[in-house]
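The structure appears below as structure tokens.
Just so it is clear, none of the values below were taken in a lab; they were calculated from the coordinates. Because the structure is predicted, anything quoted here is derived from the model rather than measured. As a convention, Cβ positions derive from the backbone with ideal geometry for all residues, glycine included, and neighbour counts pool all protein chains shown.
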Amino acid sequence: MDTLPSLPALRAFDAVARWMSVKRAAEELGVTPSAVSHQIARLETELGVRLFHRSNRRLLLTDTGEIYRDRVSRAFRDLRDASREVTERGAADFLVLTAPPSFAEIWLLPRLSRFLTAHPDIDLRIEATSRPVDLLRDPVDASIRYGREDWPGCEIIPLVEERLTVLCAPGLISDDTPLTSPEDLRHHTLIHSDQRLTGWPEWLRTLNMGKVKGARNLRFSQSAHSLRATVDGLGVALESKAMAADLLAAGLLCEPFPDLGPVPAGAFYDLVIPKDRAEHPKTLALKAWLIAESQNSERSPSRNGIHPQSGAAPHSPRDPDASG
């Protein structure tokens with residue numbers, strides 16, 4: 001059939017199939033049992049199939065009814081989810097950008113005032129999330145993603161290259177624990193960020209120092225925590241130069257081996273935009289701003305960031321970050 005069955009009939013079927021009771025379905029829908037029975041009979045007539053077996057005052061779904069129940073239930077669930085997402089976005093036409101929590105915390109937020117100043121007419125919503133995003137179905141205008149993924153049906157713009165450098169707090173280096181060469185790492189705790197595509201073992205192997213081990217290891221699931229631990233003097237990190245730019249400019253971190261970095265890691269933070277939204281004026285404004293910011297991603301990002309005179313450490317994000 002080319003036309004949809006009536007919505008009241010579908011709602012009645014969905015309720016009866018869940019409760020397996022006409023009476024309970026009627027209570028849920030706020031109608032009489034006879035009205036529910038009428039809608040079920042109408043639906044079966046429209047479809048030309050039997051959906052329920054009726055025997056000894058009991059209802060049982062037919063094989064066809066079970067298949068139809070699953071599809072109808074899924075359709076109503078999708079409608080509820082879509083309605084909730086639209087409601088959450090509010091009355092304003094928000095431009096929705098998703099980004100990994102650490103990237104949003106460390107790189108994006110310190111720069112955001114410039115976008116808001118330049119575009120006072122744009123209502124922006126940033127979703128700091130590591131959950132998978134379906135850019136062709138979810139109500140998202142653009143997404144910043146980390147790694148080496150393919151995104152069919154989307155425009156992909158490399159923003160920030162993953163260039164790794166060794167970092168530590170200036171106070172960590174002493175006569176007892178020098179850091180004049182990578183061999184000195186054996187005296188220090190190595191701080192690892194699990195989601196980096198290149199880590200300490202790979203970096204050391206490129207220097208033919210694969211046998212060098214730290215005194216101990218400290219692992220984090222996101223860069224924000226790795227950097228915070230490094231600022232606190234808990235060890236030596238191998239981290240993104242762009243992500244650490246503000247801390248380096250503030251003097252809270254230093255590069256003990258400047259001649260060995262930063263080293264390209266073969267990965268980017270990409271801006272990914274569904275092609276059907278790529279030409280929207282608000283999306284174009286966001287894209288142009290992010291590209292401009294990315295061109296200076298290794299300098300101190302804004303006057304809202306950390307300053308040498310403040311000596312303040314960054315806040316640790318509360319959300320886990322599975323992608324940077």
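Worth a mention:
- Within the chain, the longest run free of exposed loop sites, counting trypsin sites (Lys or Arg not before Pro) that sit outside DSSP helix and strand states (H, G, I, E, B) and have at most 16 other Cβ atoms within 10 Å, spans 58-136.
- Multiplying the residue separation of ASP63 and LYS213 by 0.36 nm and subtracting their alpha-carbon distance yields 47.8 nm.
- Rounded, prolate or oblate (a/c below 1.5 giving rounded, otherwise prolate when a/b exceeds b/c) for the stretch 80-168 by Cα gyration tensor: oblate
- Beta bridges by DSSP in the chain, antiparallel share as percent, to the nearest 5: 60 percent
- Based on DSSP H segments of at least four residues, each scored -39500 (n - 2.57), the chain has a per-residue ellipticity at 222 nm of -10000 deg cm²/dmol.
- At most 12 other Cβ within 10 Å, DSSP loop - GluC sites (Glu not before Pro), the stretch 126-182: GLU149
- The Cβ shell under 10 Å around LEU60 holds other residues with a net charge of +1, Lys and Arg each +1, Asp and Glu each -1.
- Taking one quarter of the surface of the C-alpha convex hull of the stretch 5-112 gives a mean projected area of 10.2 nm².
- Only aspartates and glutamates eight or more places from LYS213 in sequence, or on another chain, were considered; those with a Cα closer than 18 Å are ASP176, GLU183, ASP184, ASP194, GLU202, GLU239.
- Set of aspartates and glutamates with alpha-carbon distance to LYS287 below 18 Å, sequence-local pairs under 8 removed: ASP93, ASP121, ASP123, GLU127, ASP141, GLU155, GLU161, ASP270, ASP276, GLU279
- Cα gyration tensor shape of the chain, rounded if a/c is under 1.5, else prolate or oblate by comparing a/b with b/c: prolate
- Cα gyration tensor shape for the stretch 163-264, rounded if a/c is under 1.5, else prolate or oblate: rounded
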